[in-house]
Every structure is written in structure tokens, then in C-alpha cells.
Amino acid sequence: MLRSISVDSLMPYFGVVILIFAGSAFFPQVLSVDYLTQQLQIAAFLGLLATGATIVILLGHIDLSVPWVLTGAAILSTALVGSGNPVLGALAVPAALAFGALIGVINAAGVAILRIPSMVWTLAVNSMLLGLAVLNTGGFNPRGESSELMITMASGDLFELPVSFLIWIAVSLALTWLLTRTPFGRYLRSIGHNEKASFLSGVSTPSVLFAAFAIAGMCSALGGVLLAGYANQAYQSMGDPFLLPTIAAVVIGGTSILGGRGGLFGTIGGALFITLLTSILSVMQIGDAWRNIIFGVIILVMLLFQTLRKGAPA
Amino acid sequence: MLDYVRSNRREVIAGVVLVVLLAGYIGTHPRGASTYVMTIWANQGLILGLAACAQFFAVVVRGIDLSVGAIMALTNCIASYLLDGSALGIGFGMFAVVAAGAACGLLNGVIIVYGRLQPIVVTLATASIFVGIALLLRPTPGGAINYDLADAITLDVLGIPTALIITGVVIMGFWLPFRRTGLGLGLYALGSSEQAAFQSGINTKFIRLAAFTLAGFFGGLAGLYYSFVTTTGDAGIAPGFTLNSIAAVVLGGVLLRGGVGSLVGALAGAFILKTIASLMFFSGLPSLAQPLFEGMILAAAIAIGGADVLRARNKLEAYS
Amino acid sequence: MSKHFGATKALDDVDFICNAGEVHAVLGENGAGKSTLMKLIAGALQPSHGRIRVDGHDVLLTSPQDALQHGLVCMFQELSLVPDLTVRENLLLGAPGAGIGWLRGTGLDTARAVLERIGGADIRMGVRVADLTLPQRQQVEIAKALMKKPRLLILDEATSALNASVVESVFELVREQRDSGTAVLFISHRFHEIEALADRISVFRNGRRVETFKKGDHDYGDIIDMMVGQKIEELFPDKPLTDEDAEVVLDITGFNWDGRVKNVNLSVRRGQIVGLGGLDGQGQGAFLMGLFGLLRKTTGQTAISGRAAELRNPKTAKQQDIALAYIPEDRKTEGLILDQSIRENLELAALGRPDLDATDETLYAPSLEQLALKHGGLGQPVSSLSGGNQQKVVLSKWLAIKPKCLLLADPTRGIDVKTKTQIYAILRQLADQGTAIVLLSTDYEELIQLCDETHVFFDGKIVASLSGDNLTPQNIIAATLNIAQPAQAAHA
């Protein structure tokens, strides 16, 4: 992970520090341990999504099916638990992860085999999942509940830290190992820079795509499971508010939207920053309107910083 | 004639598909081929169509505009204040609404060109800003549009839906002449190969700025027309329109890699999307299954377009 | 004028004069500075030092637009047509005075007349450029250039895909332009084209202008000397005598693809370097790609060291049992990942070989040493290297997998002379050690001096297989342009 620490990926961390100090000037409770650990807990939800998204974006693609993979996983897991059958209940989390992987494979099939631009195909997949969910739940909030495990994953504590945060960091470390110590990670970046040259060098580009999208799907599904655990249920459109912040978290963490460059260290910072920003704006009771404006302006400012650092064009 | 068909085959295919779907729609609609049915269809189609036009200008230069829906929301909310009152005021109001859209597009363009940032992330951020401003104007949906004007623009003229007439004007009066200008063709040159365009003496910075400004302009037009159809200002309409505008341009044969496609295709794609949705509504399918079928048809249409690649004899062609 | 790119001197203190009413040919090896000079004149680059004067007045060409305004028109090697627009629209866009506004199409008639003269009468205005063949696109590109009524016309390898009669009509047009007062700068590394067209010749080498002289003042041998700085015989390693009984390493029979490669047979013996020649797009490039598994729906048999091999894709082709390597034509977009480091590029092919450890330096060290790669550390981005050194990285990457057969698509295009010599040496050495080498080249000298056997493609078929005494420039040119072959050289 150390190799992927660039100045760009440190930026959101500086942002976090600035936010904490600025926020505490208005609201001293921002500096409290309770508040900060709560932020870590909540950041994990966005963070897992952003971690999966980073893998796909490094590849030079994008996964817009995050909202409904998330929701679908939540519906699936809570339905299994809500059935009352203990065997099914135990399968809730693995089934959700399998669901995420399956959608990832479908995403990759369109992108790798039919060569449909990922933006369009994952959008279409998202629509289909929405349709499936509507059909399945009849438009009502899905009935079901979360299991003990899911609730602990979302809201429990271990060694004074939120379990969700620990899960997030564990997943990030595992994926970082994958990115830095395996050929897969090398192929991922090469393809992100130049898919043609990678293919000509004998890389099986479809395999890499399938693996990457499957990983992203599982991360989205895990995020959905945690959110369901947090709210003790799944609900319609629970995934929609997450799509744009996910991409924003990745990008302000220094990962290039074009692919090849960046890493998970920056994404962690990005997710923390966005979570903290949203939270402080909420604490300050700033309305929806200004929250949107400030959010957009800050993202632009951070991106422009990246450009300034790069200097004159080649 | 044959040359024309071959050179514009994507648009021709889209047109044929549209006609087939429309026939199916009219066939299944209880009221059949009446002005009433066509008008409602045309109105909905035009709203998305103008949004798709906006997206076209961003995509043809190898970019994307994720703020199309947000610009629509913002201009819609502005319209809900300005389009009620004296004739002069309304005239000025319409102009102001569209100008606001163009200004949003210009802002996008300036940040993309001079900030040297990727369009997808810039428009992601500005979308947030535009929606925020829209919410400041209309925290809850409301406002009023002059009903007479709205009726005039959203009903029909001698049996032909006004929306279709407007579509025709956009194509004949704007697009065809536009394709004879250096700016119009320059968009394609830039989208095809920025380097070749530069070497041919084309001012690439200006063209890109113009492209995003045009995108904003059409976004403003879309918001304006939406105001006439719904006579309300609503800041929440953004997400649906943005994503649907992308689907519409793709269905209409505009390639996301830039340099390929046309405004006509974008309009056709939008009308196709709307016709599919309407077909679903009247097809007798249970309403709960409709979103799924819509999604599946969208996916199938995109997949069929992409299957072209499976026929390529040279594997490297898939990678350009 | 001088032009530096960082530490690289592309042009070093060059004085250059081009007169009206004259065809001035610029000869030089790739990397000699010709393209840089043309880009400076066309306004695509700005000089680091020096001045440009047009009609005796100093001009500042800050962009191609400026150059066009002075009547300096350049036909670049990479075509400038927009694929999705029609021929008419492309010509409109390229017409003189075309700005942002309404395109009046001045000069469209001129363009049509030009097209008719160079055999393009069948190209209809309403056809999309993407639907034209490569020769047709070159014809449109020429028409587009002439339509601008240039005062100075630069032709940079403008006829690489055109057949003989079309080339002749283009030359006629060029002569007419010259006679009516246009200055013409003509770049080629094909000597017979220079012979046919030039009035004056300038030879460039290593960024400097060596000499300018009237055609006829120097003979072929002298000119090669000037271009290359050494006697031509020193450039190439000695060719050993062909061993007729050597084992056949690569054997292809009945190779067919898509109507563009027709029934091609090829055998390469141990110790042989086999050359593939022909105009652009005659099937030799496709054939080479097909050998590496890049084409679908090919028919024919391939055998490596006697065993039948199935070449489904590059990944299977590079595995130990087949061990094929392919050096693609475009090193910047196909051979290398420019944004990554030298080390990352070197390791990319070996990474997929389970029997090799890609991080093992000894896989690359021998080739890097023999090729004398100059670099500032393997962690540097490969984009920081010169063209020649970049190609060395591509070669080293593939040599790491110890290929049984090495396929190269025009590997020395755009490379300086020194690097070429190093590449030739390593290729000959590999051949001697038993690697089968198939070399596609657009450089006649390579096809003659380096290759043991050369096959010339035309229209998808091999129309000539030349070796020994038959391997002469005349025979290659004749086969390339598909003219009836002149009588074969007498045996010694």
C-alpha cells in the first residue's frame, strides 16, 4: 500500500483534518471520541462501495449498478433472515455476496465480450435489477429483517472500534495485497492504461475484467448487507444516494477516472472525507440545497488542486 | 440516395425501429391513432429528446455530461418564476431560461478546458451545484406557468402535435444547417482524433467549449419544454433525465467514444425509449413487471448494438 | 533552426531553403529529423531556436492555422480525415478559409477534379470516409491538400498504399503544381520515387542537414552513405549461406482470412530470417497478425517444430509449448504502455508464463545489454526514452520468454540508424541460435540485406518469393507494384 501513497492520495486526509478542526470550532463535540468513531462506522458503508469502485475504475471502466446491487443484496439477505428458517438465515450474508458476484459477472460479460461501454451496460443492468426488485416486492418496502450477525457487522464494536470499519479496512488490505503483490493487480493497471497493448502482450483481458467486476459487485453487496444491518431492514431506493458519492470518493482520492493510476489508500481518505463533510453539514443544519452546492464546489476545488499540482500540460 | 442511407445507417435503423414501435404502440392503445394519443407521446418524447440532444453535444466530442438532468431541473425552476405575467415578461423569461442553461454549459466547458479535468467528474460535481441552486429556488415543487402559452406549445396545430413540429424545426432549422458549419463538423473532428483536428488547424479549445455550452443550451430548452408540459417547477427531476439521456443517445447510434452519430439519432433514441415505456403501459403487462421489461428491452437493444463486435474478424478492432 | 525535446536534439542548427517551382526531396533515415522539420513548417511544433521566413519575411507559426494562412499545406502520414463524416464534409472542413461559420465549399470543384485525375473518379461525395478503402482515403487526402491551393506543399509518405498507375498520376499532378509555381517538399525513403520526382535533394542525418544537391549529382551509393554515415555493407550483419537441410521451425500451409489473405504458404528454417514486403494493406500485415492469434475465422495449418499448433489468442501463443512472440507495428500504442515504467513494461509478457519468474532480472539483462539500452533507471516511465530505446524495451520484453518464433511488424520504422544496426545484429544472432524470424518491412534495404528470403504480397497473395541473386531492388519494386518482373539477374 505504501507505494500507492502519492501526494494526490494524501489530499483527502488533509481535508479530513481541516474539516475536523473547522467543524470543532463551531461544534466542540466534533472532537469527541464518540462522534469520531461514529463517523468511522458510517464511513465504512460508503467506503466499501468506493473500494469496489476503485478496482473497476483502475481498469478504466465504471460500475453504475452499485445502487441496485446494494439494494438487491439487502433485500435478499433480509428476506432470507425474515423467512424464519435458521439455515436460510445463516446463508443470508454468503448469498448476498454471491448475488453481488453474479451481477459482477453479468456486468463483465457485457463489457468484455460484447464490448458495450461499461457506463451504458452497468446502467442497463441497474435498471433490470430495479425492475426485478419492483416485481418482487410489489413496490412496497421489502419485508424481512436483519440477522444478529448483520447487526453486529453494522453496529457492533471490537477493541473500541466499529466492526464495520474493521471489516472495511480488512477488505481494503486484502484488495491492496491483490493489487500490489499479484499479476492480477499488474494486469489491472496495464489494462487501465492501455487495453490493446495489454492484450497484445498476452494478457487475458476478459478474465481480468470478470474478476474485477465480480469483486466490485461483492463490495457493493457487502455494503448493502451492512446498511441493512444498520437499519434492521432493507428499503426501496436505499442505494440511490450512494452512487455519486462513491465515484466522488474514488476521484478525490487521487485515482484517475481514465484508469491505470491511483489506489485504495486515497479511496479510504476520500470516503472518510465525504462522510465527515456530509455529517458536519448536517450537524450545522445546513439545508439540502446548500449541502448540494457545497458538496459540488468542494469536489471541484479538490480536483482543480490535482490539476494545479500536475503543472503545465505535456 | 443509396449513399445517403449507407452513410447514415445508424439513424436509418433507429428511425425504422421507431416507426415499428410507434405502430405497435398505436395499435395497442385503446384510443388508437388519434391526435390526443400522438400529442401526449410527442410531448414526452420531446422532453427526453431535447435532453438527449444536450447529451449528444457532450458525447460527440468524446465527453459526457452528467449534469444534463440538473440543468433541466434548474432551468425548470427558473421558468416556474418567470413564465407567468405579461407577454413581454414571458418572452424575456423564455430567453433567460435558455440562457441560464447555456451559462451552466459554459461553466462546465470552462472548467473542463481550462481546468484540464475529465468531463465525467466535472459534470458530476456541477450537477450537484445546479441541483442545489434549483432547490434554493424551489425547495418544494411549485410555481406557475402561463396556461395559454403552455397549451399552445403542448397541444397541436391542425392535428399535428406541436412537439413534433418543434422536433422538425430543430432538425431542419438547426441541425441540417449546423452540419454545414465549421463548428458543426469540427465537433466530429475533435471527437474522432484531437491530434488530427489540431493538425488540420482546428481550434480544439473553442470547439470543446462550444460543445458543452450547446449541451447546456439544449438542457435549458429541455427544462423549458418540461415547464410547459408540467406547468410546475421541480428540483427533483435530475437523476432520471441524466441517465435516460445517456441511454437515449446510445440507442440512437451515438458512440460514447466520440466522433460518431448525429442529433437526429439522439432524438430518435429518445423517442424510442419513450415509446417502449408507453408500449409497456398499454401492453397489458402487469404494472409491477413493467420496469423490469423496460430494463430488459433497454439491455437487449444495447446488447444488439454491441454484438456488431462479435462479427469483427480482427480481434484488435475491439480495442480501439 | 533547432528543436529540442528535453535532452534529445531532434534538429540541430539546421538551415533549409525551399524554392517556388521546385520539387525538393528530403531524404533521411527515420529519426533523422525530417518529420520534425515538417511539423515545424506546418505549425504543429515551435522551434527551440531559430527563425522561419516566408517570402523573405519572418513569420511566427504558433499553430497549424497560422501555417495554413501562409499557404503552407502539409499532408501528414497519419491521415487527417474524420471517419464518420462524408467525403464532401471532410473536404468542406478542409477548404481554404474554413472557420467556425458557414462552410462555403470553395475549392470543392478543384478537389473533385483532382480526384478524377488520380483515379478516384469512383469516390462519391456522399460516402462516409470510414467506408472507403485505404488507397481511396489517401486519394481524398491528396485532393484535400491540393484544394487548399498551397504555396508550399509537403507530402510525407503520401503514396504508401497506392498502386503504380495511381502513383504515376499523383506524380504528374505534383509536377504540374511545381510548374505553376508551387514549392513541393517530398519526403520518402524510397529511392525510386525520389528518382522519378525530385529536382533537388537534401539528405538529413541525426538532426542535421548533410548536403543539398541537384538530382543526378550523386549516385545511390553516395546518398546511402550520406543518409546513414556508414557504408551500407556495414549496417547489416553477414548473411550466412542458407542451409537447405536445416529443420523447419515454422510451417504454414493454406492460410486464408476474410478474402484479404489468400492461400498463403510459408516455411521458415532454423537460422533463417524471412522477410515480408509489399504496399500497405496487401495482406502481409494481416498474415502476421493471424500467426499470433489476432484474427478470427482463419483457415490453414500451422506447425511449430513439426507439431501442429492452435493459435487462438496471444495468451496461448506465448506459452511455453508454442512460444511465439509478436512485435507490433505501433510501439507507442500497441507495443508499450507509455505511462508505465520500463520495468513494468519489460515484465508484462513474462508475467503470464507460469514457468517463468517475471521479476527475475536475468530474463532481461542479456538483451538489454546486447541492445545497449540507455536509460536513467528501470523505474523511469518508458515514455522518457527515445524511439529507438523504446523499441529495445519491446524486444527485450519478448525475448524474455525465449520465443521459438519471433514475428516483427516493421520494427525499425521511425528508429535511428544506430539502433537499427543493433536490432539487426540481435536478429541475426537469434536466427543463428535457432529462432525462426519473420520480418515484415517497408524498407527495401532490410528486405534485401537482412533477410535470407523475401516474399512480396499483392492483393492478399504472395506474388514473388525472392532469395539469393533474385533478391534485388528491381525485383522487389516490380513485385510490390505488381508489374511484370524484369528478366532475372544472371547467375554468378
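Springs between Cα atoms under 10 Å define the GNM used for chain A, and in it the highest mean-square fluctuation of A:PRO245, A:PRO142, A:PRO183 occurs at A:PRO183. Annotation: peptides B:220-228, C:65-73, C:53-61, ranked by per-residue average of other Cβ atoms within 10 Å with the highest first, follow the order B:220-228, C:65-73, C:53-61.
Is there a simple number for the mean count of other chain Cβ atoms within 10 Å of the Cβ of residues in C:80-91, and what is it? Don't jump to the answer; show the numbers that get you there.
On the way: counts 11, 5, 14, 5, 13, 9, 4, 2, 1, 7, 4, 0.
Mean shielding by partner chains, rounded to a whole number: 6.
Between the Cα long axis of helix C:134-147 and the first principal axis of chain C there is an angle of about 20°, rounded to the nearest 10.
Inter-chain Cβ neighbour count for B:290-302, averaged per residue, equals 6 (cutoff 10 Å, partner chain atoms only).
What whole number of Å gives the distance from the Cα centroid of the stretch A:96-148 to the Cα centroid of the stretch A:251-314? Distance between centres, Cα-based: 27 Å.
To one decimal place, what orientation-averaged projected area in nm² is obtained for the convex hull of the Cα set of the protein assembly as shown? If you can, show how the numbers build up before the last one.
Details: hull surface 192.2 nm².
In nm², the orientation-averaged hull projection of the protein assembly as shown is 48.1.
Beyond 21 Å, what percent of the Cα pairs of the stretch B:1-128 remain? Here the long-distance tail beyond 21 Å is 59 percent of all Cα pairs in the stretch B:1-128. Result for chain B in a Gaussian network model with C-alpha springs under 10 Å: among B:MET172, B:MET72, B:MET280, the largest mean-square fluctuation is at B:MET172. Report, in debye and to the nearest 20, how large the dipole of chain C comes out about its Cα centre when Lys and Arg carry +1 and Asp and Glu carry -1 on their Cβ. Once rounded to the nearest 20, the dipole reads 1220 debye. For the stretch C:1-114, what mean projected area does the convex hull of the alpha carbons give, in nm²? Reported value for the Cα convex hull: 9.2 nm². Each principal axis of the Cα cloud of the stretch C:248-491 was evaluated for its coordinate range; sorted largest first, these ranges are 55, 37, 30 Å.
Starting with the highest mean, order C:390-402, C:175-187 by the number of other Cβ atoms within 10 Å, averaged over the residues of each peptide. Mind dumping the intermediate values first?
Details: C:390-402: 24.0, C:175-187: 17.6.
Ranked from most to least packed, the peptides come out as C:390-402, C:175-187.
Taking A:TYR187, A:TYR13, A:TYR35 as the candidate residues, the one with maximal mean-square fluctuation in a Gaussian network model of chain A, Cα springs under 10 Å, is A:TYR35. Taking all Cα-Cα distances within chain C, those exceeding 44 Å account for 15%.
Put a plus charge on the Cβ of each Lys and Arg, a minus charge on the Cβ of each Asp and Glu, and nothing anywhere else: the dipole of chain A about its Cα centre is then about 980 debye.
Peptide A:188-197 has a mean of 6 when you count, residue by residue, the C-beta atoms of other protein chains within 10 Å of its C-beta. Rounded to two decimals, the Cα-based Rg/Rh of the stretch C:239-347, with Kirkwood Rh, is 0.99. I need to check one value: relative contact order of chain C, counting alpha carbon pairs closer than 8 Å and at least 6 residues apart, in percent. RCO, chain C: 16 percent. Mean projection of the Cα convex hull over all viewing directions, computed for the stretch C:3-228: 12.7 nm². Can you pull out the trypsin sites (Lys or Arg not before Pro) in the stretch B:10-115 whose DSSP state is coil and whose Cβ has at most 15 other Cβ atoms within 10 Å? Hits after loop and neighbour filter: B:ARG31. Rounded to the nearest 500, the 222 nm mean residue ellipticity of chain A from helices alone is -24500 deg cm²/dmol, with -39,500 (n - 2.57) taken per DSSP H run of at least 4 residues.
From helices alone, chain C scores -8000 deg cm²/dmol at 222 nm; the rule is -39500 (n - 2.57) for each run of n ≥ 4 DSSP H residues, then divide by the residue total.
Would you mind working out the magnitude of the charge dipole of the protein assembly as shown relative to its Cα centre, with +1 at each Lys and Arg C-beta and -1 at each Asp and Glu C-beta, to the nearest 20 Debye? It would help to have the intermediate numbers written out before the result.
Numbers: 79 positive and 85 negative charges, 234 e Å.
For this selection, approximately 1120 debye.
When all alpha carbon pairs of the stretch C:336-382 are counted in 5 Å bins from zero, the resulting P(r) reads 5, 22, 27, 29, 14, 3, 0 %. For the stretch C:3-228, the solvent-accessible area works out to 42 Å² per residue, with a probe of 1.4 Å and every protein chain left in place. Our summary of shape: the Cα atoms of the stretch A:193-266 have principal axis extents of 49, 26, 20 Å, ordered from largest down, in whole angstrom.
In plain terms, if you count all Cα to Cα distances in the stretch B:200-320 and split them into 5 Å steps from zero, the share in each step is 2, 8, 13, 18, 17, 16, 12, 7, 4, 2, 1, 0 percent. Along each principal axis, taking the top coordinate minus the bottom one, the Cα set of the stretch A:118-255 gives 50, 42, 26 Å in descending order. Size descriptors for chain B (Cα atoms only): Rg and Dmax, in that order, 19.5, 64 Å.
Could you grab the Rg to Rh ratio for the stretch C:124-180? Cα atoms only, Kirkwood for Rh. Walk me through the numbers on the way to the answer.
Numbers: Rg = 11.9 Å, Rh = 12.3 Å.
The Rg/Rh ratio comes out at 0.97.
In whole angstrom, the stretch A:1-132 maps to an equivalent ellipsoid with semi-axes of 33, 24, 13, each derived as √(5λ) from the alpha carbon gyration tensor and ordered largest first.
Can you name the helices of chain A, as whole DSSP H runs, whose Cα span along the helix axis is 20 Å or more and whose Kyte-Doolittle mean is not below 1.0? Working shown, then result.
Numbers: long enough: A:7-26 (29 Å, 1.72); A:33-58 (34 Å, 1.40); A:66-82 (23 Å, 1.67); A:86-108 (33 Å, 1.93); A:118-137 (28 Å, 1.39); A:163-181 (26 Å, 1.76); A:205-231 (39 Å, 1.63); A:264-283 (28 Å, 1.96); A:288-310 (34 Å, 1.11).
Sorted by number, the helices that extend far enough and score high enough are A:7-26, A:33-58, A:66-82, A:86-108, A:118-137, A:163-181, A:205-231, A:264-283, A:288-310.
Based on the Kirkwood approach, the hydrodynamic radius assigned to chain A is 19.9 Å, with every pair of different Cα atoms included.
Peptides A:201-213, A:164-176, C:465-477, A:82-94 ordered by packing proxy, namely the average of other Cβ atoms within 10 Å per residue, highest first: A:201-213, A:164-176, C:465-477, A:82-94.
The values are calculated or read from the model by the stated rules, or taken from the named source; none is laboratory data. On a predicted model such as this, the values are computed, not experimentally measured, just so you know. For neighbour counting, all protein chains shown are included, and Cβ atoms are generated from backbone atoms with ideal geometry for every residue, glycine included. For accessibility, only protein heavy atoms count, side chains too; no ligands or nucleic acids. Shrake-Rupley method; radii C 1.70, N 1.55, O 1.52, S 1.80 Å.
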